[in-house]
Amino acid sequence: MSKKVADVLWEMLAKAGVKRCYGIVGDALNPVVDALRRNGAIEFVPVRHEEYGVFAAVAEAYFTGNPVVVCGTAGPGVVHLFNGLMDARKEGAPIIAIAGDVESSIIDTSALEELNPYKFFEAASLYTARLVNPEQTRAVISTAIRTAVLEKGPTVLSIPGDVASADAPDQPADFTIAAPAILRPSDTDFDKLVRMIDEAKTVAIFGGDGCREGRDEVVELACKLKAPVGYSFRGKQWLEHENPNAVGMTGLMGYGGAYNALHEADLLLMLGTDFPFSEFLPGASVKKVQIDKNPKHIGRRTALDLGLVGDIKSTVSALLPAVSEKTDGEFLARQIAHTESFHKLLQHYVEKGPAIKPIRPEFLAATLSELASDDAMFFADTGTACIWLARHIYGGKNRRLFGSFSWASMANAAPNAFGCALAYPGRQCIALSGDGGFTMLGMGDLLTQIERRTPVVQVILNNEKFDFVHIEQQEAGIIPFGVEFKNPNFAKVAEAMGAKGIRIEEPEDVREGLAEALAYKDGPVVVDAVVDPLALAMPSHSPLHTVKGFTLSFAKQVLSGRLDTVIQEIERNVGIV
Ligand SMILES: Cc1ncc(C[n+]2csc(CCOP(=O)(O)OP(=O)(O)O)c2C)c(N)n1
Ligand SMILES: [Mg+2]
């Protein structure tokens, strides 16, 4: 039998290092999945919702660096991929989406399930191709793979079934993927930077995901410059551990002395970060330099004194011998002391946790961090789970932390954890899920985990509300609205579906319940943790408008007859606010 276009597709994807394809089959995709079955080198992971498959793929691709494939069939199946592909774009994950397409003879006739892939994927995809002629095969598939891998993001191949099952042209299926290029700033800019660093009395560093490869160099530079190191959420796992200069995160999830360090330094070095919350960055009183390999990131969040294009590892390596060592450690010591005092404050609900009911999420997260293995992978849903992950889950050298940090979609944690459980068998993969997030996407595909007996631990923050939005609404000074809902007993639901279910209502059961969940290896576990729905999570630095908003919201709630709730909320949080 001669090779079909779909055969060449999988051959090339396997050569590029693809191990898995997540998705749901459908008629337009039949020739594609039939070829995948024939090929045998790539595992097909059938899911119950295409979006779940993409979030699983994003986490796998982000951590392994290998491209991962997702698929959805023409029209609605393809639409379900979209939110996950936006996440891949924002988180920088190499994903190749195979979108089923209508037969090539009826393209542009408004056929059933027809969707224009160019228009539809425009916001998410780095490269979109519609394979309407077998002669395109090698060129478009290799471009889709190379773009995904080298530009770290999603690409889309839209393939009509008739083209997938057509004979492949006699073209070599070989192609090469270059290793990432080394990017260094120009000599002029580099010299300027060295002068600025040498002239500054105090320097602070703020690092993001771009420090992933250059983390050791950044820490070494910080030590040489006596510079405190703050980080974004995406930078935390690279810069927090084994870093004597770490001062925590700034921003909405912020903790520690990062905000002060960034604002009180003479010079701020922003390294590999596209941190979007400009209001947490200093103004003109601090000189600012940004270094990033992506020129689009430079200067878009704040006005700079100098912007340099370069990857962090090689730029900072070059800086290390070029800058003079700073000798005055007073600034650094002050920021570290501030960080330590904030850490003590954060311990309030962790230490008091065993005696407080409803369970404080701080206590739950800190206990989870303490019990999990040294190489555990943690995933947090967008919602309050992110705050508890940021503040109470310790990263460590071999631990990994991930979420929809830049796209901020709900419902990412369970599928993220599932993807990594498949990619890293034997490693603890723990999802800290919101009850809103889990019921949005996680519950249906719990069946996928059950069928495969994949040991994913999902800890659900059962607070019967969209708590993060509840906090946002109060911050905006409005009466909380549309944020409450009722839950079933998730442990019983999980058991009925075939997973292990553990319900924790009492603070004294937290440790034992989590330990039991972490020890379970025979499939997925759902820990239904009934937590305090009124736990507030204020940033370490609260902008004035936040404080005003809470005051206003509390006042409005009192006037509308909710005095009890307001008093309860203030009482429950006095230790932290
Ligand atoms: C798909 C999607 N829909 C809505 C939002 C807005 N949003 C952000 S956090 C959040 C609440 C999440 O609630 P839950 O999962 O219960 O977590 P909690 O904050 O209660 O811990 C919502 C609705 C979003 N980010 N993504
Ligand atoms: Mg909730």
Exception for Ala303 within (1) in a loop (DSSP other than H, G, I, E, B); (2) of a type in the set (A, V, I, L, M, F, W, C); (3) surrounded by 17 or more Cβ atoms within 10 Å (Cβ to Cβ) falls at (3)
Query raised in the report: Within the range 420-429, can one find any residue that is surrounded by fewer than 24 Cβ atoms within 10 Å (Cβ to Cβ) and either within 27 Å of His348 (Cα to Cα) or acidic (Asp, Glu) (or both)?
Result: no
With criteria (1) assigned to a loop (DSSP other than H, G, I, E, B); (2) in contact (Cβ under 8 Å) with a residue 40 or more places away in the chain; (3) out of contact with any helix residue (DSSP H, G or I) (no Cβ under 7 Å at 6 or more places or on another chain); (4) within 10 Å of ligand 1 (Cβ to nearest atom), Gly482 comes up short on (2)
Checked Phe405, Phe481 against criteria (of a type outside the set (A, V, I, L, M) and either within 14 Å of ligand 2 (Cβ to nearest atom) or under 18 Å from the mean Cα position of the chain (by Cα) (or both)); the one match is Phe405
Residues of the range 424-476 being in contact with a Cys (Cβ under 9 Å, 6 or more places away or on another chain), closer than 27 Å to Ser373 by Cβ and either away from ligand 2 (no atom under 16 Å from the Cβ) or not in a strand (DSSP E or B) (or both), in sequence order, are Arg427, Cys429, Thr454, Pro455, Val456, Val457
Checked pairs for the range 464-479, first under 16 Å from Trp388 (Cα atoms), second more than 7 Å from ligand 1 (Cβ to nearest atom) and modelled with pLDDT under 90, C-beta under 8 Å and 6 or more apart or across chains, list as Asp467/Ala535; Ile471/Leu536; Ile471/Ala537
Within the range 110-164, of all residues that are free of Cβ contacts under 8 Å to residues at least 24 places away in the same chain and not β-branched (Val, Ile, Thr), the one nearest to Ala178 (Cα to Cα) is Ala139
ask   = Residue check: is Val219 of a type in the set (Val, Ile, Thr), touching an Asp or Glu at 6+ places or on another chain (Cβ under 9 Å), more than 18 Å from Ala390 (Cα to Cα) and in contact (Cβ under 8 Å) with a residue 12 or more places away in the chain?
value = yes
Would you say Ala390 is assigned to a helix (DSSP H, G or I) and more than 16 Å from ligand 2 (Cβ to nearest atom)? yes
Subset of the range 418-454, residues of a type in the set (A, V, I, L, M, F, W, C), within 15 Å of ligand 1 (Cβ to nearest atom) and within 18 Å of Thr384 (Cβ to Cβ), comes to Ala431, Leu432, Phe438, Met440, Leu441
For the range 350-367 the number of residues that are buried (at least 22 other Cβ atoms within 10 Å of the Cβ) and free of Cβ contacts under 8 Å to residues at least 60 places away in the same chain is 1
By my count, strands (runs of 3 or more DSSP E) wholly in the range 167-261 with at least 3 residues that are closer than 22 Å to Leu319 by Cβ are 203-207, 229-231
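The values are calculated or read from the model by the stated rules, or taken from the named source; none is laboratory data. Because the structure is predicted, anything quoted here is derived from the model rather than measured. Cβ coordinates were reconstructed from backbone atoms using ideal geometry, including for glycine residues, and neighbour counts include every protein chain displayed.
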